[in-house]
Amino acid sequence: MGFSRWLNRSVGFFVFFILDIVDFLLCFTYRTLDFFFESEWKPCYCCPPPEAKQAAAGGNRGRKMIVSERSGEYSKVVSLTRTKIHLDEISDTLYSRPSLLAKLVKCFKKNAVECSDERSTSTKKKTLLTVNSTVVEKLQRTPRWSDCHCTFCTSWLSSSNSSLFVNVQQPKDNKAQENVVFIHGFLSSSTFWTETLFPNFSDSAKSNYRFLAVDLLGYGKSPKPNDSLYTLKEHLEMIERSVISQFRLKTFHVVAHSLGCILALALAAKHPGAIKSITLLAPPYYSVPKGVQATQYVMRKMAPKEVWPPMAFAASVASWYEHLSRTVSLVLCKNHHLLEFLTKLLTRNRMRTYLIEGFLCHTHNASWHTLHNIIFGSGSKIEAYLDHVRDNVNCDVSVFHGGRDELIPVECSYGVKRRVPRARIHIVPDKDHITIVVGRQKEFAGELELIWRRSSTT
């Protein structure tokens, strides 16, 4: 280990220990504030689930509840809410994020030894389905006072339509020959595509293709439901209902960035005959070693609890600290109009603020659950999606990755290539997670048109 690596980890140890304490204190702070603003205590995921009570099958009809399955060190939960959710749709990283502070507190508990013995004994028993009352409470009463209440962020509340917001650009005669679905990444929106690529497509592409850029559930102008856990199933069903069914798509190309790559692969696995081409930008695919908890492995790869580079530090704070990330959301997202105004003022209106809009127009509930249930929670699923694309989806697969991407390493794209040998890999030097598109939109628009033309002739 080099000196710089050792220094990074050493400094990180102390920095994140302090953040553990801050997040612990913020837990009580938010409980107090939630009670003050909404007259009731609010649950959180900062601690592992408490001892769950056995579910009474006859006494919970019509009620929202969480069923948890404990096996070994980790637990999995299932939500019986508006839609059926399977056990593997809720990531254990939501409540299994061990910290040094938690370990120290646990060591000082008088019954630490007894609890340890009981836990080791319980792993030998047959797995039980139980109701986790804390997470049930989380579903029923997610806090809203800390979210933005502006017209833009709450526009979905005034509509009877619960579909996602889709920005559509199509030929004037409405006779598009092919469709292209664009799926944005984490903390983004459809403007990532509409403000960059849409204006830069050629006249030929604009007259032959219908472009559909969707705001994912919880982002942009799309619904941000409080009783959602933002699972992969919920995201996919909303895309199917709002895009595929709404616009009657029989075949379509898919272009996806970061988080959107997971959803694109899941869509391809579910609709293999409809996919004409798949273009992935910075796919978060990590090859998980055998015998390793996939969700925990992916979280530690993406959020390694290091202070450098800055992107890794930001990812670590967002992933490990529920209350710190809520504070960031409270300060930035609730005041996004002020930040946009200040940006325009300081840059004399020379800087377009669509990235700020995409980054800030969401709720903490949406970002927190999407991060854990989709990005981390898909750690054990994405390989199966790639294998399905390799064996059952007969389409062009192209992967683009910035050579200087500090959030998702280039090795992730090479991993896709190993899983899907026909995939074409394009490493763009000196570009990062965002500038893989932003700043080279004209060039990338031309590359996409080439991919679509190639797919149409095969």
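The values are calculated or read from the model by the stated rules, or taken from the named source; none is laboratory data. Computed from a predicted model, the values in this text were never measured in an experiment. Glycine also receives a Cβ, built like all others from the backbone with ideal geometry; neighbour counts cover every protein chain displayed. Keep in mind that these areas ignore ligands, DNA and RNA; they rest on the heavy atoms of the full protein, side chains included. Shrake-Rupley method; radii C 1.70, N 1.55, O 1.52, S 1.80 Å.
A few points about this structure:
- Which listed residue, of GLY358, GLY379, GLY403, is over 27 Å from LYS270 (Cβ atoms) and among the small types (Gly, Ala, Ser): GLY403
- Inter-residue pairs, beta-carbon under 7 Å, first of a type in the set (Lys, Arg) and in region 430-458, second not in a loop (DSSP other than H, G, I, E, B), 6+ apart: LYS431/GLY402; LYS442/ASN200; ARG454/ASP396
- The residue list PHE186, PHE192 contains one member that is assigned to a loop (DSSP other than H, G, I, E, B) and either in contact (Cβ under 8 Å) with a residue 60 or more places away in the chain or hydrophobic (A, V, I, L, M, F, W, C) (or both), which is PHE186.
- Note on region 355-458: enclosed helices (runs of 4 or more DSSP H) holding 3 or more residues that are among the hydrophobic types (A, V, I, L, M, F, W, C) and either in contact with a strand residue (DSSP E or B) (Cβ under 7 Å, 6 or more places away or on another chain) or crowded, with 17+ Cβ neighbours inside 10 Å (or both) are 382-392, 441-456.
- Filtering region 208-222 to residues that are part of a strand (DSSP E or B) and under 14 Å from the mean Cα position of the chain (by Cα) leaves only TYR219.
- Pair list, Cβ < 8 Å and 6+ apart or interchain, from region 408-424 residues that are farther than 16 Å from ILE436 by Cα and touching a residue at least 12 places away in the same chain (Cβ under 8 Å) to residues that are open to solvent by 80 Å² or more (accessible area, probe 1.4 Å) and in a helix (DSSP H, G or I): ARG419/ARG390; VAL420/ARG390; PRO421/ARG390; ARG422/ARG390
- Single residue of region 210-268 satisfying the filter (on the phi < 0 side of the Ramachandran plot and among the basic types (Lys, Arg)) that is surrounded by the fewest Cβ atoms within 10 Å (Cβ to Cβ): LYS250
- THR279 meets all of the listed conditions (1) assigned to a strand (DSSP E or B); (2) touching an Asp or Glu at 6+ places or on another chain (Cβ under 7 Å) but one, namely (2).
- Residues that are among the polar types (S, T, N, Q) and closer than 20 Å to LEU267 by Cβ, drawn from region 166-181: ASN167, ASN179
- Selection within region 324-358 - β-branched (Val, Ile, Thr) and either within 17 Å of SER190 (Cβ to Cβ) or in contact with a Gly (Cβ under 8 Å, 6 or more places away or on another chain) (or both): THR353, ILE356
- Flag if SER4 is outside the structural domain of GLN293 (by the TED database), open to solvent by 80 Å² or more (accessible area, probe 1.4 Å), among the small types (Gly, Ala, Ser) and modelled with pLDDT of 85 or more: yes
- Only one of ALA264, ALA269 that is over 18 Å from the mean Cα position of the chain (by Cα), in contact (Cβ under 8 Å) with a residue 40 or more places away in the chain and in a helix (DSSP H, G or I): ALA269
- Region 135-163 residues that are at pLDDT 70 or above, paired with ones that are aliphatic (A, V, I, L, M) (beta carbon under 7 Å, 6 or more apart): SER146/LEU330
- Residues being touching a Ser or Thr at 6+ places or on another chain (Cβ under 9 Å) and in a loop (DSSP other than H, G, I, E, B) - total across region 287-320: 8
- Some residue of region 223-236 being in a loop (DSSP other than H, G, I, E, B) and hydrophobic (A, V, I, L, M, F, W, C): yes
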